[in-house]
1. Just to confirm my numbers, what's the Cα centroid distance between region A:176-195 and region A:138-167 in Å?
2. What lysines sit close enough to B:Lys47 to cross-link, taking a C-alpha to C-alpha distance under 20 Å and skipping anything fewer than 8 places away on the same chain?
3. Counting helices only, and only those DSSP H runs with n ≥ 4, report the 222 nm mean residue ellipticity of chain A as the sum of -39,500 (n - 2.57) divided by its residues, in deg cm²/dmol to the nearest 500.
4. At what distance in nm do the modelled label points of A:Met195 and A:Asp70 sit from each other, each positioned 7 Å from its Cα along Cα→Cβ?
5. If each DSSP helix of 4+ residues adds -39,500 (n - 2.57) and the sum is divided by the residues in chain B, what number results at 222 nm, nearest 500 deg cm²/dmol?
6. Which whole-number percentage describes the relative contact order of chain A, with Cα contacts under 8 Å and a sequence gap of 6 or more?
7. Choose one answer from B:Phe135, B:Phe292, B:Phe245: the residue with the largest mean-square fluctuation in a GNM of chain B with alpha-carbon springs under 10 Å.
8. Where does region B:93-228 land on Rg/Rh, using Cα atoms and the Kirkwood Rh?
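Taken together, the values in this text are just the output of simple stated rules run on the coordinates, not laboratory data. Since we're looking at a predicted model, the values are computed, not measured. In this analysis, Cβ positions are derived from the backbone assuming ideal geometry, glycine residues included, and neighbour counts consider all displayed protein chains.
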Amino acid sequence: MTNIVVLVKQVPDTYSERKLTENDHTLDRESADAVIDEINERAVEEALKIKEAGEGEVTVLCVGPDRATDAIRKALSMGADKAIHVSDESLHGSDLLSTAKVIAAGVGRAGEVDLVVAGNEASDGRGGAVPAVLAELLGMPQLTHARELTVDGGTVKADRETEDGITHLEANLPAVVSVTEKINEPRYPSFKGIMAAKKKPVETLTVADLGVDAGEVGLANAASGVVEAAPKPPRAAGERVTDEGDGGSKVAEYLVGQKLL
Amino acid sequence: MAEVLVLVDHVDGEVKKVTGELLTAARALGEPSAVVVGAPGSAGKAKETLASYGAAKVYVAESDEATGYLVTPKVDALATVAGQASPAAVLVAATSEGKEVSGRLAARLGSGWLVDAVGVNSDGTVDQSIFGGAFSVKSKATRGVPVVSVRPGSVEAEQAEGAAAEETVALPAVDPAKSAKVTGVEPVVGGDRPELTEASIVVSGGRGVGSAEKFETVEKLADALGAAVGASRAAVDSGYYPAQFQVGQTGKTVSPQLYVALGISGAIQHRAGMQTSKTIVAVNKDPEAPIFEIADFGVVGDLFDVAPQLTDEVAKRKG
Ligand SMILES: Cc1cc2nc3c(=O)[nH]c(=O)nc-3n(C[C@H](O)[C@H](O)[C@H](O)COP(=O)(O)OP(=O)(O)OC[C@H]3O[C@@H](n4cnc5c(N)ncnc54)[C@H](O)[C@@H]3O)c2cc1C
Ligand SMILES: Nc1ncnc2c1ncn2[C@@H]1O[C@H](COP(=O)(O)O)[C@@H](O)[C@H]1O
């Protein structure tokens with residue numbers, strides 16, 4: 001049986017305005033609508049596919065505030081079996097490294113894990129490294145930025161796609177994988193799935209429950225911090241013309257004027 | 001003066017442009033040392049370029065395993081050198097791999113990790129541009145050796161003289177239970193065009209281009225300008241252009257001197273990847289398209305009329 005943990009993060013909807021809070025420069029999570037990060041739906045889909053190809057169990061792991069339960073329910077309604085939700089006031093303002101520590105401890109809670117599936121990059125922080133750091137902390141191989149994934153017995157193969165091109169990877173389980181936008185099309189939860197999700201177990205834990213020292217997390221204990229933050233003045237619209245058969249020439253003139261041509 | 005370690009981004013000793021930028025940025029904090037991790041012979045090939053950007057030392061971490069496993073040999077090499085040299089900081093390119101290397105290194109060293117910096121300052125702070133350029137931020141590491149990933153294209157590379165004195169680094173053996181084996185690579189065949197994140201001009205096409213064949217119009221203008229080609233997600237999803245050229249929140253972030261958007265509406269997620277460009281030119285049939293709100297010069301019109309005419313004008317002027 002393959003024991004799979006899928007990492008799900010709730011993020012501010014990118015269609016709404018994103019801000020930093022005035023007093024401590026942390027992400028203002030109340031100002032924007034919160035949604036499950038789109039890439040995580042693909043992570044869930046991939047976890048479910050691996051489970052359905054053999055036998056397995058999919059546990060959703062989410063580190064985030066109380067209202068992240070919506071993201072968890074979405075993953076459960078797609079077909080995940082159960083969830084662990086780490087929610088703790090003390091996590092406010094944690095840096096990426098301490099978040100990864102808490103996630104690592106959460107993975108430990110799920111027992112003998114064969115595979116951890118994550119998104120390659122969250123849309124709010126653009127860190128793109130939690131899966132790699134997690135592999136470091138768990139002592140597992142990382143097969144990240146996968147656009148294709150195959151699990152066969154005790155091995156996992158991935159086609160990694162980055163700006164460098166495609167890298168073919170192979171490792172033994174247990175392993176940490178992360179998926180890109182190109183890996184699959186996530187399923188829509190069925191009505192039955194949505195009803196079933198309401199009865200699926202969600203274990204809510206604090207940092208202390210996981211045996212992580214509160215002195216290791218939160219804004220005050222971060223290994224890096226923001227010292228200054230300012231919104232940039234929005235870009236203003238410049239000149240605009242309507243093409244009357246000379247649009248291309250007008251652009252060329254403009255570029256010459258700007259010394260770009 | 002304190003050493004500042006720079007991880008060299010290279011393919012078989014062929015040094016990428018971003019490495020010159022990192023060596024330049026490193027000089028704000030101390031004396032740059034280049035760390036080359038790769039197959040035997042890589043450092044020899046890279047040395048001259050590294051010297052010309054001011055690398056005082058070149059740490060040579062070469063082995064066959066260095067390219068045979070993903071990410072971990074680079075982390076091992078940097079951790080080993082950091083242990084010996086007590087550097088003022090470690091700089092890595094904020095590429096997909098560089099972000100992973102820097103994150104793991106910061107975790108291993110228990111240090112502060114500064115992500116996607118667009119500037120490195122002599123007081124140890126770094127500048128960041130977040131939410132697609134909507135906020136400017138200054139951050140600082142509060143613990144350990146700061147590990148910084150620097151966004152390609154954000155620092156202007158300046159040449160300087162360096163001794164590039166070689167020092168050999170013994171890489172620890174790779175534990176295959178903890179590292180993924182690389183069983184094959186298919187490098188991007190970029191052709192003659194500059195790399196998207198490194199280009200000073202980018203010409204992008206959106207859904208308005210209409211088909212993969214018609215992307216030729218975008219490519220022709222790009223080639224006339226010596227530009228890289230980009231695409232919106234809608235263009236990628238429709239199969240007009242390959243995914244590695246996607247610009248935007250879930251694609252590449254670009255900050256060129258000139259960004260030309262053809263048939264792109266300018267959705268917030270697209271803008272997140274290009275709105276810090278110095279100059280933006282947009283061509284769109286729809287006068288209401290949001291891209292015009294941020295364009296320095298906009299043409300309301302059909303891209304298939306405007307772009308070829310512009311291509312001709314550029315060719316004429318360049319003679
Ligand atoms: C989580 C998330 C992440 C995303 N990430 C990205 C991302 O990284 N990058 C990205 O680009 N998008 C991203 N998107 C998608 C984004 O919301 C838009 O859907 C996308 O950018 C639209 O692409 P487009 O402008 O090419 O297409 P459309 O919005 O369909 O616009 C096409 C434009 O072309 C114009 N047009 C048509 N024909 C012509 C012609 N002949 N001449 C001139 N103009 C013409 C039309 O007027 C229209 O304005 C993301 C969305 C989400 C939810
Ligand atoms: N707080 C979190 N809780 C659960 N998963 C997370 C969290 N943060 C990051 N992840 C996972 O790591 C992936 C990459 O995130 P990041 O490295 O922050 O860009 C996400 O798509 C998630 O799968």
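1. 18
2. B:Lys16, B:Lys17, B:Lys57, B:Lys74
3. -8000 deg cm²/dmol
4. For A:Met195 paired with A:Asp70, the spin-label model returns 2.4 nm.
5. -8000 deg cm²/dmol, from helical runs alone.
6. Numbers: 494 pairs, mean separation 57.9, N = 261.
Computed over chain A, the figure is 22 percent.
7. Highest fluctuation among the options: B:Phe135.
8. Working: Rg = 19.8 Å, Rh = 18.9 Å.
That ratio is 1.05, to two decimals.
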